[in-house]
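A quick write-up on the structure given underneath.
Throughout, read-outs are computed from the coordinates displayed, never taken from laboratory work. Only a predicted model underlies this, so the values are computations on that prediction, with no experimental measurement involved. As a convention, Cβ positions derive from the backbone with ideal geometry for all residues, glycine included, and neighbour counts pool all protein chains shown.
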Amino acid sequence: MELTPMTMSGAEVNEIARLCHEVNRAYCQAIGDHSQLPWADTPEDIKNSARDGVVVTLANPNIAPEESHANWCRYKFNTGWRQGTVKDLVAKTHPALVAYAVLPQDQRVKDYLFGACVRTAMEMIGEGREDVRASVGETGGDMPEEVPEGTPPRGFNASPSLTLEEQVARTSRTRQDMEAPRG
């Protein structure tokens, strides 16, 4: 079964978001930015931003880093953030809320890392599901119940203003726009 936002549980989306956050935090520490909190201490709106990025990447596995960044900016702006000279969780300002083209290279790397983390986790989860199906099939046990097509992840809604179906439709349209020939 292909992994999409509709076939993954909220727990799976959350775990991928946590992985992405922690990889980003480690990268930030490596470049001297110690502003990232561990996942357990991270405010829910920051976690939701990561979850939103996971859902978008699951819907568009080949999303370009530029489009991933644009999606992150849209999410931030839609939840009250604005561009500022410093990252401030209370004032909701962030210096990276700018066009991708003007981001410094060390900030662009984050979008590459995020996509790689989501795609790798997606592959690992898919392989794990196949392993479970194979082992259950060999032992004659009951197969795990399939998630019906169109079922949203349990307990998950990354975008406060959009339903999961609207988010997936939006990202699907974005992917179609990206793949459309330009004239």
Item to check | Using distinct alpha-carbon pairs, which all enter the 1/r mean, Kirkwood radius of segment 5-51 in Å | outcome: 11.2
Checklist outcome for this item: Expressed in nanometres to one decimal, the distance between label points 7 Å along Cα→Cβ at R108 and T120 is 2.1
Checklist outcome for this item: To the nearest 0.05, the calculated FRET efficiency linking D41 and V86 through their beta-carbon distance, R0 being 25 Å, is 0.80
Checklist entry - Which net charge results for the neighbourhood of V86, defined as the other residues with beta-carbon distances under 14 angstrom from its beta-carbon, given Lys and Arg at +1 and Asp and Glu at -1? => result +1
Checklist entry - If you add up the charges near C20, with Lys and Arg at +1 and Asp and Glu at -1, over every other residue whose beta carbon is less than 14 angstrom from its beta carbon, what do you get? => result +1
Next on the checklist: Starting from the Kirkwood Rh over alpha-carbon pairs, what translational D in µm² s⁻¹ does segment 37-91 have by Stokes-Einstein at 25 °C and 0.890 mPa s?
Outcome noted: 201
Checklist entry - Can you give me the Cα centroid spacing of segment 37-76 and segment 80-125 in angstrom? => result 8
